[in-house]
Amino acid sequence: MSHIVLVAEIGSTTTLVNAFNINEKTMFLGSGVSNTTVDSDVNEGLDQAIKSLNQSLNQNKLEYDEMFASSSAAGGLKMTVSGLVYEMTVRAAKEAALNAGANIHLITAGDLTEDDIEQIKAINPNIILISGGTDYGEKNVAFNNLKKIENLNLNTPVIYAGNTDNHYRIKKHFHESDQKSYLKIVENVYPRVDFMNIHPLRKAIYETFESHIIKAKGMQNIKKLVNGSIMPTPGSVMESTMLLYGLIGNVFVIDVGGATTDVHSITEPSEEYRAFSEGEAKEKRTVEGDLGVFVNHLNVIEKIGRKHLAKRLDISLDELQTLIDEYTYKPLTSLARKLVYQLTKYCVFQALDRHVGDLKTVYTTNGMKVIPEGRDLTQIQSVVLTGGALINLDETENIIREYIKTRPKKMIPQHEIKIYKDHDYLMSSLGVLSLKYKQASETLLKKSLRI
């Protein structure tokens with residue numbers, strides 16, 4: 001018996017719709033794609049993607065039972081994060097927000113200043129996150145920050161994930177003040193020193209994003225077409241990465257998109273460096289908002305340098321300018337593909353440099369020592385490539401091999417690793433699908449990665 005499920009991914013550049021048959025013989029049926037029409041109405045791009053899907057399946061109109069969606073259109077999930085101490089509660093809140101797929105536009109520590117308040121008003125975030133204080137420790141800063149946000153009357157969802165000891169007076173205050181803006185209270189994201197409690201907050205961010213997506217620019221009507229969950233696309237990729245961790249062990253996923261490049265990693269630290277990894281989350285996502293191969297391609301070209309890029313492509317500067325003038329999200333010639341490859345390579349190298357820790361050489365009275373600093377990925381066993389460029393260009397696996405070979409002081413594997421491609425481009429779809437159909441999502445994920 002067929003049970004057809006559609007999953008739409010509404011990205012900054014393209015809108016993709018994947019179709020699945022969820023039954024005893026779970027199958028990926030096919031996909032449709034269209035430009036994202038974020039400047040007008042994203043429903044137009046979604047309608048076109050569904051029509052594209054029908055054409056690819058030779059259907060007049062595919063009848064489906066359920067539909068889910070993820071979105072990073074119109075800037076995705078904009079958040080501000082405020083905590084108490086940067087290296088403690090702020091860091092934990094930031095990690096949870098990034099894990100959930102947020103684009104963080106402001107991070108503050110301690111009492112919110114007038115400048116902080118002005119920035120929050122200017123950003124007009126989709127969600128404001130307030131944390132601060134270990135459980136039954138300092139509690140006044142977080143409570144006072146909540147009241148300052150209340151006075152802004154932004155009508156913006158607020159999540160509190162700070163000191164549990166504040167729960168009673170927060171509920172009492174907001175009940176008495178008849179506060180109309182949305183406030184959600186969750187477990188403390190940093191309940192004790194060197195312990196991050198990320199999962200409850202991540203779930204709350206998903207739920208808040210889905211409930212309030214109608215407020216995001218360009219997304220006013222999308223809930224009318226979706227009768228399931230909507231979640232941030234990067235959060236969905238992290239959910240797929242978590243599935244992979246259960247299937248193949250320590251893993252990182254790199255996703256080069258049109259606007260950003262994201263790295264998701266789930267790994268245990270090595271025994272050698274474990275003492276230096278106290279308080280580090282096992283799951284981590286970094287997002288590089290300046291690295292992308294379509295929306296941000298001009299920025300990446302300037303970072304590489306035109307002379308250097310022309311030399312790599314073995315063309316003149318005039319020929320490079322012609323390539324740039326004719327640039328599209330889907331390269332049409334072999335030379336255009338070579339250009340996108342070079343941009344993709346730069347994005348991967350820069351994103352990994354920022355995500356992966358370093359082995360620092362220091363000199364002490366006892367001689368030279370090597371001290372680890374940052375994210376330890378030495379135990380990674382597998383790498384997964386996703387995003388249009390890494391999937392569709394040839395031999396992108398060599399980008400990872402070259403990175404490892406040329407970065408001897410980075411905390412990356414020195415042993416043999418497996419590199420997989422998300423051939424069917426399903427990572428972002430299967431994360432949101434897995435919230436209801438975990439086993440089917442695992443099956444589809446293994447098929448896409450050819451495991």
Report summary line: Between the residues Gly32, Asn58, Ser70, the Cα farthest towards the positive end of the dipole of segment 4-73, that dipole coming from +1 and -1 charges on the beta-carbon of Lys, Arg, Asp and Glu, is from Asn58
Query raised in the report: What number, rounded to the nearest 500 deg cm²/dmol, is the helix-based mean residue ellipticity at 222 nm of the chain, given -39500 (n - 2.57) per DSSP H run of at least four residues and division by all its residues?
Result: -11500 deg cm²/dmol
Requested in this report: Sequence neighbours fewer than 8 away in the same chain don't count; with that in mind, list the lysines whose C-alpha is under 16 Å from Lys282.
Outcome: Lys94
Report task. Could you order peptides 259-268, 165-174, 144-153, 245-254 by the average number of other Cβ atoms within 10 Å of their residues, highest first? Result -> 259-268, 245-254, 144-153, 165-174
Query raised in the report: Within straight cross-link reach of Lys223, meaning Cα distance under 16 Å, which lysines are found once same-chain residues fewer than 8 apart are removed?
Result: Lys215
Query raised in the report: Please state the relative contact order of the chain as a whole percent: Cα pairs under 8 Å, 6+ residues apart?
Result: 14
Requested in this report: Please name which of Phe252, Leu298, Met238 has its Cα lying farthest along the dipole of the chain towards the positive end, using unit charges on Cβ (Lys, Arg +1; Asp, Glu -1) and the Cα centre as origin.
Outcome: Phe252
Report task. Take every DSSP beta bridge with both residues inside the chain and express the antiparallel ones as a percent of the total, to the nearest 5. Result -> 50
Report summary line: Percent relative contact order for segment 4-73, counting Cα pairs under 8 Å at least six residues apart, stands at 40
Report summary line: As a percent rounded to 5, the proportion of antiparallel DSSP bridges among beta bridges in segment 4-73 is 70
Report task. Let me know the charge dipole size of the chain about its Cα centre in debye, to the nearest 20, where only the beta-carbon of Lys, Arg (+1) and Asp, Glu (-1) is charged. Result -> 300
Report task. Using a 10 Å cut-off on Cβ atoms, rank the peptides 118-126, 82-90 from the highest mean neighbour count down. Result -> 82-90, 118-126
Report summary line: Of the candidates Val383, Val90, Gly133, the farthest towards the positive dipole end of the chain (Lys/Arg Cβ +1, Asp/Glu Cβ -1, centred on the Cα centre) is Val383
Report summary line: For the table Lys203/Lys409; Lys203/Lys345; Lys25/Lys436; Lys25/Lys203; Lys172/Lys284; Lys345/Lys409, the rows whose alpha-carbon distance is greater than 26 Å are Lys203/Lys409; Lys203/Lys345; Lys25/Lys203; Lys172/Lys284
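Read the figures in this text as sums done on the coordinates, not as results from a lab. In this text, all values refer to a predicted model and were calculated from it rather than measured experimentally. Glycine gets a Cβ as well: all are built from the backbone with ideal geometry, and neighbour counts include every protein chain shown.
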